[in-house]
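The values are calculated or read from the model by the stated rules, or taken from the named source; none is laboratory data. No experiment lies behind these values; they were computed from the predicted model shown. With ideal geometry, Cβ positions are generated from the backbone for all residues, glycine too; neighbour counts draw on all protein chains shown. Areas reflect the complete protein model, heavy atoms only, side chains present, ligands, DNA and RNA absent. Shrake-Rupley method; radii C 1.70, N 1.55, O 1.52, S 1.80 Å.
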Amino acid sequence: MKNKNDVEIYWQQEQANHFKAATGYFELEMFEHAEAELNKIDTCIAHQSIPVLALRLMISYSRSDWNGMKAIARNLFLLDPSNPRWPFADGYATGKIDSITNTAASSG
């Protein structure tokens, strides 16, 4: 019979394995697989984990998903306000969104 600590250690290792797999898939530019692995991480962890959210931010950037990037960057800023990368990412995504909006408005 496993004790509570063994189960907790197993669970934590399982969460870490999903993150490691997601990182590997990201490095291979297999973004759908990376997101699928991130989705396997417990939501309580995934929504509060800076490394998980940062990886989601990089996936959004790689896919040119500016709205997704902006939302993730703002969440990261709330969790880690002293890191200058998050407001920069938010501003970058906002600039891309504005650029697309302005281009569509001038050509339509």
Inset, instruction - Compute the convex hull volume of the Cα atoms of the chain, divide it by the residue count, and report the result per residue in Å³ as a whole number. - result: 112 Å³
Legend entry - In sequence order, calculated HN-Hα J values of region 38-48 (Karplus, 6.51, -1.76, 1.60; Hz; x Gly/Pro): 5, 5, 7, 6, 3, 4, 4, 7, 4, 7, 10
Inset, instruction - Can you send over the carbon and sulfur percentage of the accessible area for the chain, probe radius 1.4 Å, protein chains only? - result: 57 percent
Legend entry - Whole-number accessible area per residue in Å² for the chain, which is evaluated in the context of all protein chains at 1.4 Å: 67 Å²
Inset, instruction - Any chance you could count the Lys pairs in the chain whose alpha carbons are under 26 Å apart, treating pairs 8 or more apart or on different chains as valid? - result: 8
Legend entry - Cα-centred dipole magnitude for the chain, charges only on beta-carbon of K, R (+1) and D, E (-1), debye, nearest 20: 200 debye
Legend entry - Relative contact order %, the chain, counting alpha carbon pairs below 8 Å whose residues are six or more apart: 16 percent
Inset, instruction - Pop the C-beta distance of A36 and E8 into the FRET formula with R0 = 30 Å and round what comes out to the nearest 0.05. - result: 0.75
Legend entry - Positive-end extreme of charge dipole, region 9-62 - chosen from L28, C44, A54 (charges on Cβ): C44
